[in-house]
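Asks: Quick one: structure below, then a few questions.
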Amino acid sequence: MNEQGDLSDRIKEIKAEFGDLLDDGTVERIALDERGLLMMNKKTISELKDREEASLDVKVKRILDARVFKKRDGGTGRVRNLDVDDDTGTCRIVLWDDDVDLPEKMGIKEGTGLRLISCYVKHTDFGLDVSKGKKGKIEPQ
């Protein structure tokens, strides 16, 4: 079964367990939170602040090629940027190392909507960067 079907099944289970004690919005938040999909601290690009964790919905404008770089420890790493926007502004998603291939793995193309969940925001010399960080998620919409 797909994730959406699993989610709706879990919502039904929670409703059966708690009856009328919880409203529909609360039941949905519980089911989303159990899967790590709850959009806590949802913001628009214009509301993003340096060094915060945020969730937002964006659209991919451009996918750049991956680059290889030398790390301080002498090893090599990979990085790739995606230029994205919403109705309030633009920023870039920075994909590091194992995440560099996410666009191909997830079928992300220019014009694809993305949901960024609990991602890390950093203001750099190049502008506003958003990355998955340690616990973030990136999902196509």
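Derivation of every value follows stated rules applied to the coordinates shown; laboratory data play no part. The model shown is predicted, which means the values in this text are computed figures rather than measured ones. We place every Cβ from the backbone using ideal geometry, glycine too, and count neighbours over all the protein chains shown.
Asks: Restricting attention to region 68-141, which chymotrypsin sites (Phe, Trp or Tyr not before Pro) occupy a DSSP loop and are surrounded by at most 11 other Cβ atoms within 10 Å?
Replies: Qualifying residues, ordered by number: Phe126.
Asks: If R₀ is 41 angstrom, what is the calculated FRET efficiency for the pair Asp33 and Lys71, using the beta carbon separation as r and rounding to 0.05?
Replies: 0.70
Asks: Please identify every one of the trypsin sites (Lys or Arg not before Pro) in region 110-141 that sits in a loop by DSSP and has no more than 12 other beta carbons within 10 Å of its own beta carbon.
Replies: Those that pass, being in a loop and sparsely packed, are Lys134, Lys135.
Asks: So what is the relative contact order for the chain, in percent, with contacts set as C-alpha pairs under 8 Å and at least six apart?
Replies: About 22 percent, as a whole number.
Asks: To two decimal places, what compactness ratio does region 45-140 give when its Cα radius of gyration is scaled by 2.2 N^0.38 Å?
Replies: 1.03
Asks: Residue farthest toward the positive end of the dipole of region 45-140, with Cβ of Lys/Arg at +1 and Asp/Glu at -1: which of Gly74, Cys119, Ile138?
Replies: The residue sitting most towards the positive pole is Gly74.
Asks: Provide Thr44, Thr112, Thr76 in ascending order of the number of other Cβ atoms located within 10 Å of each residue's Cβ, fewest first.
Replies: Thr76, Thr44, Thr112
Asks: What's the FRET efficiency of Lys15 with Glu53 using the Cβ-Cβ distance as r and R₀ = 41 Å, to the nearest 0.05?
Replies: 0.85
Asks: Then there is this: Starting from the Cα of Lys71, draw a straight line to each of the lysines and keep only those under 26 Å, dropping any in the same chain fewer than 8 residues away.
Replies: Within reach: Lys105, Lys122, Lys132, Lys134, Lys135, Lys137.
Asks: Return the long-range amide H neighbours of Thr112 (sequence gap of 5 or more, or a different chain), with a cut-off of under 5 Å between placed amide H atoms.
Replies: The answer is Val60.
Asks: Related question: Would you mind working out the magnitude of the charge dipole of region 34-129 relative to its Cα centre, with +1 at each Lys and Arg C-beta and -1 at each Asp and Glu C-beta, to the nearest 20 Debye?
Replies: 200
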